[in-house]
Amino acid sequence: MNQHDDGRGQDHGWVDPAEAGLLKQTFGAMAGGVDPASPTGPAATMSVMSKRVRRRRTVKLGGLGGGALALVGALVLGAGQLAPASPDRSELLPGSPSSSSTPTSSPVQADTPDFKVKDGYQPPWLEWSDLTCGMPVADLKSTASGWSVAPAGDIYARTTDLGDAPSTSWRMAAAIEEGPGVLDSSLALVWSQDGKVVDLGPDVFGAAGRPDPVPLISSDPAAYLEAHGAGASTCAPTGTGVDPVYEARLPEGDYDVRVVAFPHDGSGQDGSGTLGATVVSEPVAVHIDAVGAHSRTGTRGGESTIEPPEPVPGEISRFELDRSTDWVTASMTYRRHLPAPAVSVTARCESTNPADTVPFEVVLESTGQAYRSGEVVCDGTETVLPFGALGISGGAIDLRVPHGQTVPDGVARFSAVLAPSASADGTDPAGDCSASGLDVADDPLSSPSDAATDTADAILDAALACDSGELIELAAASGAELMVPREAPEDTFALPETAALPYRTLAALLGGTSGALRTGQRDDGEPEPVVWPRVAVEEFADSDEAWQEVVDAGLLTAEDAAAQRANTTHGYQGMVVSINEDGTWRSYYAVGAFPRQ
C-alpha cells in the first residue's frame, strides 16, 4: 500500500488492519508533505492451517489491483509567462468586488488557527542554517557557489479529499543548474510578504535520496524538479519543540514566493557531505484568496465558455486548469485510494485556437512508466478515452504531458478526470458484479476455527452471488471496518460497484488464498484475528507458496509481488480480510504490512 517508501529499514508507522484511524491519518500526512513515520513494532504471529476441499467454478479469475493509492496529475503547463514579483499591489485581484477574475475550485480550509509569524523561530530541520522566520527577505540569498534555481511553472494545489477533512499542499516546478556538491533533498517554497519571511516551507529532508525528476506542473520543458509548499505555514507554530505543530495557514493576500534548494557540499565519501549552503531563486508573485493560491496568467489563456467537470461516479482523481482569468487556478484532487481494473479519462479543453491539442500519458508515479497515452483537441468538446485495464495493481497514477512538451499558451481551460470505465448503459461493465463466474474455491482455503470458517464462508458465498444485502448485513452485524477512510457497508457493497471492486477482491482473498492466525493480544486486549492472505502475516512474509497464492488469485501481478517481497520493510501491500476466531468479521481494506524484522 505504501508507494512512497523512502528506503528499507525505516519505520513509517504502518500498523495492522485494526488501526484504520492511524492509516487514514498517514494518508493525509503524506498528501500534505509530512513524513508519516511513527514507532510501531511488528506483532508476533503464528499460522494455523486447516485443509479444506476446494469446490471450483468454471471461469478464470482475472487480475486484480491490490494496492491502495491513485492520484491524477503531472501536467506540464504551457510555456507562457511566469510573472516576476511586483511591489505594485494596487491592481484588482480575484475576490475584489469589481473584479470578474474569480477562480473556481476551493482547496483552502478556513477552520485553522489565527496566523501570526513567530519572529526568530527556526524549524528543527533548519537548525544548521541561518534561515529564521521573520528574517528580512533581503538576507535570503544564494550561498552555494555555481548553483542557480528558478521557478518554472504555475503554483497548484494538491488536495486529498477522501470524504473527511481535505488536506492541501502546494507545488511548483523548478529548473536548476547544479554546481559543486550534490542535491539530496526536495526543493522548498519560501514565502515572504512586505519584505519579511512568513513561511520557510516544509521539511524537505525527511526522504533521503534525490527527488523524483518529474515535475507535476511546468511551463519550461527543461524543468525536471518540483518545489514543495506546506499546507500550513512553518513560521506560525501552534506547538514547538522536537515535534512542532503547524496548523495556521497563510492568510489571503499577496506574496513573493522563492524556490530554495539545499545542496550538500560533496565532501563525503559517497558524494553527499554536509549541509551549509542555500540556492535561492528570484521571487514570483502569488496571490492567496478564499479559493487558493494563484500565479499570474500573463499573456496565456483567454475567455472560456466551458464549465469545470461535474463529479463522476467512482471518481478516482481529477486535474483542473483555469487560465480564463488574470490569475491561474490549477488543482489536482485525489478522491479514491483504489484504482479500477478498467479506467477511462474524461477530458475537455478550450483554447483561443480550437486546433490546439494537449497530449498526455497515464503514468505510474513511483516508476515514471507510462501505461497509456492520449490527446485532447481544445475545441471545447468533451472526450472520453477508455484505457481498459492498466495492469497496475496499485500506486499513485499520474496524468502528465510527455516530458519536453507543454500545454499551448492559448488554452483557457483544461480538465481530466480519471474514473472507472462504465458500459454504455451506465451499469457495471463486469456484469452483475465483478465476482460473477469467477474460478475460485467455494470454501475458504484455510480457517483455523469453525466460527471463523462459517463467517468466511458466508462472506465468500455472498460475494460470489453478488448479494449486496447479505454482505451489508454481515458487515453491519460485526461492525467490520471497511476501507480507508472507513466506509459504511452500504457504500462499500453498493451496486454498481465502486472502483475498489469489493466483490471480486473478497472472492479472490477468501477463495484464492490461505488464512493465517496471528497469536497474542493487541494493546486493547482483543485477540489477534485470522488474516487472508497469509503472506500478510510475518511468518509467511518470505514463503514462496504464500506469494504465489496472491499472484494466482489475481491480487497482484508477478512483477508487483516480486517488488513487494523485496521490500523488506513492509512486505505485502494490498487488500486483507481479518476475522476473529469467534467469527466476528473485523476488517476489510488495504494495508501496508507491519515493518518486518
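Can you tell me how many residues in the range 258-307 are among the β-branched types (Val, Ile, Thr), surrounded by fewer than 19 Cβ atoms within 10 Å (Cβ to Cβ) and under 24 Å from Asp409 (Cβ atoms)?
3
Given the residues Leu225, Leu187, which is the only one that is over 23 Å from Val137 (Cα atoms) and either at pLDDT 90 or above or not charged (D, E, K, R) (or both)?
Result of the check over Leu225, Leu187: Leu225.
What about Glu315, is it charged (D, E, K, R), over 14 Å from Ala416 (Cα atoms) and assigned to a loop (DSSP other than H, G, I, E, B)?
No.
Looking at the range 151-173, which of its residues are at pLDDT below 85 and not in a strand (DSSP E or B)?
Asp161, Leu162, Gly163, Asp164, Ala165, Pro166
Could you list all residues from the range 285-344 that are under 15 Å from Leu399 (Cβ atoms) and among the acidic types (Asp, Glu)?
Matches in the range 285-344: Glu315, Glu320.
Filter the range 542-574 down to residues that are farther than 25 Å from Leu501 by Cβ and crowded, with 24+ Cβ neighbours inside 10 Å, then give me how many there are.
Matching residues across the range 542-574 total 0.
Of the conditions (1) assigned to a strand (DSSP E or B); (2) open to solvent by less than 30 Å² (accessible area, probe 1.4 Å); (3) modelled with pLDDT of 90 or more, Ser233 satisfies every one except a single condition; which number is it?
(1)
So, in the range 174-188, of the ones that are aliphatic (A, V, I, L, M) and in a strand (DSSP E or B), which residue ends up nearest to Gly292 (Cα to Cα)?
So, considering only residues that are aliphatic (A, V, I, L, M) and in a strand (DSSP E or B), the one nearest to Gly292 (Cα to Cα) is Ala188.
Applying the selection to the range 244-257, what residues are touching a helix residue (DSSP H, G or I) at 6+ places or on another chain (Cβ under 8 Å) and either crowded, with 23+ Cβ neighbours inside 10 Å or in a strand (DSSP E or B) (or both)?
Answer for the range 244-257, where residues must be touching a helix residue (DSSP H, G or I) at 6+ places or on another chain (Cβ under 8 Å) and either crowded, with 23+ Cβ neighbours inside 10 Å or in a strand (DSSP E or B) (or both): just Asp256.
The values are calculated or read from the model by the stated rules, or taken from the named source; none is laboratory data. Not measured: the values here are computed from a predicted model. Virtual Cβ from ideal backbone geometry, glycine too; neighbours counted across all protein chains shown. Ligands, DNA and RNA are stripped out before the accessible areas are found, and what is left, the full protein with its side chains, is counted by its heavy atoms. Shrake-Rupley method; radii C 1.70, N 1.55, O 1.52, S 1.80 Å.
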